[in-house]
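**Q** Shown below is the structure under consideration.
The values are calculated or read from the model by the stated rules, or taken from the named source; none is laboratory data. Predicted model only: the values in this text are computed from it and were never measured. Don't worry about glycine lacking a Cβ; one is built from the backbone with ideal geometry, like all the others, and counts go over all protein chains shown.
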Amino acid sequence: AHVQKRTSLAMDRKRRAVKKEIFDPSDDDGARAPKQAASPAQEATRAQIISLESQMSKLNKLKNDGKVDEKADFQIRCLEEELKKAQSK
């Protein structure tokens, strides 16, 4: 009885693997449109967002350490606005 149980589990595992192969949506080359490469404008926007986020993280780290004056606080607010604009493009 123990041997039969083990083989049936192995068979179930094989069936599950076959089902995954059949219904794997990542292999589906059907009606979906091909993925287009990002345009230069999209790449520039993405690069700008990454740059703004890194500046924000550095300034926020300084702010959390208590090393921020009024000028840096104003700069943080400006960066937040620029980041919102860039993300809404």
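**Q** Starting from the stretch 78-89, take each residue that is more than 14 Å from residue 41 (Cβ to Cβ) and list its partners that are part of a helix (DSSP H, G or I), counting only C-beta distances under 6 angstrom and pairs at least six apart or across chains.
**A** Note: pairs meeting the criteria are 79/52; 79/55; 79/56; 82/52; 83/52.
**Q** Would you call residue 44 modelled with pLDDT of 60 or more and part of a helix (DSSP H, G or I)?
**A** When the stated conditions are applied, residue 44 passes them.
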